[in-house]
Amino acid sequence: MPILQAVRVGYQFANGDQLLNGVSCTLTNPRVGLVGRNGAGKSIFASILAGSCLPTEGVVTANTSIAMYTQSSLGLRHQKRTIAQYLNVDHIIYALEQIESGSCDPKWFDVVGEQWEIQEKLNQKLSLHHLPQDLCLPCSSLSGGELAKLQLWHLFEQNAGLLILDEPSNHLDAQGKQWLNHQISQYQGYILLISHDRQLLRSMEQIWELSHLRLKQYGGNYDFYLEKISQESAAIERQFSCVQRQQKQLEMRAQKNKEKFEQRAALGNKTRKKGGQSKLLLNAMLDQATSSISNRLKNEAIQRKQLKQKLEQLEMQRERVKPQKIYIPNGDPTSRNLVNIVNGMLSYGSNQPINLQINSETKLHLHGKNGSGKSTLLKAICGEKGLMNGTLQVNTSVCYLDQHFGRLDHKLTVLEQVLADSYRILESDARTLLAGIGFRRESVHLPVGTLSGGEKMKLAMLIVSHHPAQPLLLLDEPDNHLDIHSKNLLADVLNQYRGAFVLVSHDDEFVHQTGVNCRYRAC
């Protein structure tokens, strides 16, 4: 018996837009990775499988306990709960404190039960997972990576039959990703992983791809999936070319038949005018020819319709594997000094003086553990925060792009956002650019606030790329919310970029693809 089964699951938004339609799957493999482009509905589908979101139609049957990690869980950072309260042990800790202070009330002993060493055991586990050893510490004081690790560790401890992980590595540094990979490999239950992290996906045994309202399953890890997608893409292109040739041949035959009919009609009219043949016979021949041409035109119309339908179906399949395009204009090729930092001290993170120089040819990877001050350094360069000590000189315009999409106005539509932020761009040109990143036809009128994280990031990158001053790009984990296709695209664009950029990312494979030529470690 499968531990999870979905039968013809559908999901429709309140405005009538269909996100999922007739999606069916059976989970029998212990390690499954769920992939798909931004906006395909992966998170909603996972929530439906977990039972936290009801489908519009269809049925999900689970034969095991399910626990789920989501990006929205990080909202805990804005609450006043302590680590002990989050782990639901604060009442035991309080009872121990009362007993230690001299209280002999039996109720405190009942609360503690046999858990006299709970503080020591939890602190040992917190230390093992490189988390602060203070159960009274507010969760709001944890970094994004620490908070993600705390919640993931707590989920792994629950030993649910199925663990659904929605982008668990987004806020983890390199060490945190290694920790997560180890936890996944050691977990005894089933795991459904939603991720754009290729290293994690390579540890899966099966890949599910959600796209165009449907789910397709591939019996292997991420590399196996890539090979199959490549084969599918080549086959679709061959079929597409074949149908186009058939269309061309059909039109050529239709033109030739039309010319033959016109020649025969002209000859018939000439014969009729000359006389010498029975009008009855000529009329019969004309009726036969008219009937023949009518049948031929009907057959040609049917063939045109069939070929058009085939092309439309193939176009939908091409869209699933077609790479999107983000255009970033070339920067200033003249080598010049852009940023100088001498003995700089940050207000948060690194306690070591920073000495850094960035010129117009610099492609810098800024790396370090969570909480080391990488984002603070970027904000200092762009002028949002000052240095505590030292000097900072910036000789260029700067564009800062963070993972929270601070440049975007959620009240605007996608098209309005591009027109508002781009320099004298025509609406027709804006639509062309937006089509390159997946916003076609009426989707350009979607409110920015309704977009997925990856869609917002691509929109923000498009706007940044068309800044008239061609500034120094400060990219704070731009790959965090991108699907795999978009991640490859962004890496390729940055690799071809002639200007300077500073990139913060924990994905080594992505960083290597961008063509960085120097590195700086925040300590």
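Between the Cα long axis of helix 118-128 and the first principal axis of the chain there is an angle of about 60°, rounded to the nearest 10.
With 0.36 nm allotted per residue and the present C-alpha distance subtracted, the Trp116-Gln306 stretch has 60.9 nm of extension available. Rounded to the nearest 10 degrees, the angle from helix 279-321 to the longest Cα principal axis of the chain is 10 degrees. Between the beta carbons of Glu57 and Met316, assuming R0 = 25 Å, the FRET efficiency works out to 0.70 to the nearest 0.05. The smallest convex shape that holds all Cα atoms of segment 335-383, its convex hull, gives 72 Å³ per residue. Of Lys80/Lys363; Lys248/Lys487; Lys369/Lys411; Lys121/Lys369; Lys125/Lys228; Lys228/Lys248, which pairs sit farther than 32 Å apart, going by alpha carbon to alpha carbon? In this structure, Lys80/Lys363; Lys248/Lys487; Lys369/Lys411; Lys125/Lys228 lie more than 32 Å apart at Cα.
How many angstrom separate the Cα center of segment 183-258 from the Cα center of segment 90-134? Their Cα centres are 53 Å away from one another.
Placing Arg336, Arg245 in order of accessible area, with the largest value first and a 1.4 Å probe, yields Arg245, Arg336. For segment 381-483, trypsin sites (Lys or Arg not before Pro) are listed when DSSP marks them as loop and at most 12 other Cβ atoms sit within 10 Å of their Cβ; the list is Lys411, Arg424, Arg440. Peptide packing: for 256-262, 32-38, the average count of neighbouring Cβ atoms within 10 Å per residue gives the ranking 32-38, 256-262, highest mean first. How charged is the neighbourhood of Ile48? Take every other residue with its Cβ under 15 Å from the Cβ of Ile48, and add Lys/Arg as +1 and Asp/Glu as -1. Net charge in that neighbourhood comes out at +1. The alpha-carbon atoms of the chain, seen along their principal axes, cover 130, 66, 39 angstrom, with the largest extent given first. Considering only Phe45, Gln393, Leu503, and ranking their Cα positions along the charge dipole of the chain that arises from unit charges at the beta-carbon of Lys, Arg, Asp and Glu, the one farthest toward the positive end is Phe45.
Amide H contacts of Arg214 (H built 1.01 Å from N, in plane; Pro and chain starts excluded): no residue 5 or more places away or on another chain comes under 5 Å. Basic side chains Lys and Arg get +1 at the Cβ, acidic Asp and Glu get -1 at the Cβ, and with that the dipole of segment 45-181 about its Cα centre reaches some 340 debye.
Per-residue ellipticity at 222 nm computed for the chain from its helices equals -14000 deg cm²/dmol, with DSSP H segments shorter than 4 residues left out and the rest contributing -39,500 (n - 2.57).
Rg and Dmax of segment 1-58, both derived from C-alpha coordinates alone, stand at 11.7, 37 Å. The listed residues Trp116, Trp208 rank as Trp116, Trp208 when sorted by accessible area, largest first, using a 1.4 Å probe.
Note that segment 166-181 has calculated 3J(HN,Hα) couplings of 9, 6, x, 9, 4, 10, 9, 7, 4, 5, x, 5, 4, 4, 5, 4 Hz, one per residue in order, obtained from phi through the Karplus relation 6.51 cos²θ - 1.76 cosθ + 1.60 (θ = phi - 60°); glycine and proline are x. Of the residues Leu147, Leu172, Leu126, the one whose Cα sits farthest towards the positive end of the charge dipole of segment 87-224 is Leu172 (charges of +1 on Lys and Arg Cβ, -1 on Asp and Glu Cβ, taken about the Cα centre). Projecting the Cα atoms of His196, Leu494, Phe156 onto the dipole axis of the chain, where Lys and Arg carry +1 and Asp and Glu carry -1 at the beta carbon, places Leu494 farthest toward the positive end. Packing, taken as the mean count of other beta carbons within 10 Å per residue, orders the peptides 166-172, 93-99 from highest to lowest as 166-172, 93-99. A simple count of charges around Ile194, restricted to other residues whose Cβ falls under 11 Å of its Cβ and scoring Lys, Arg +1 and Asp, Glu -1, yields -3.
Rounded to the nearest 20, the size of the Cβ-charge dipole of the chain about its Cα centre is 4060 debye, with Lys and Arg at +1 and Asp and Glu at -1.
Residue order by solvent-accessible surface for Cys518, Cys136 is Cys136, Cys518, largest first, with ligands and nucleic acids left out and a 1.4 Å probe.
With the convex hull drawn around the C-alpha atoms of segment 390-523, the volume per residue stands at 126 Å³.
The values are calculated or read from the model by the stated rules, or taken from the named source; none is laboratory data. On a predicted model such as this, the values are computed, not experimentally measured, just so you know. Cβ atoms come from the backbone with ideal geometry, glycine included; neighbour counts cover every protein chain shown. Note: accessible area is taken over every heavy atom of the protein model, side chains too, but ligands, DNA and RNA are not part of it. Shrake-Rupley method; radii C 1.70, N 1.55, O 1.52, S 1.80 Å.
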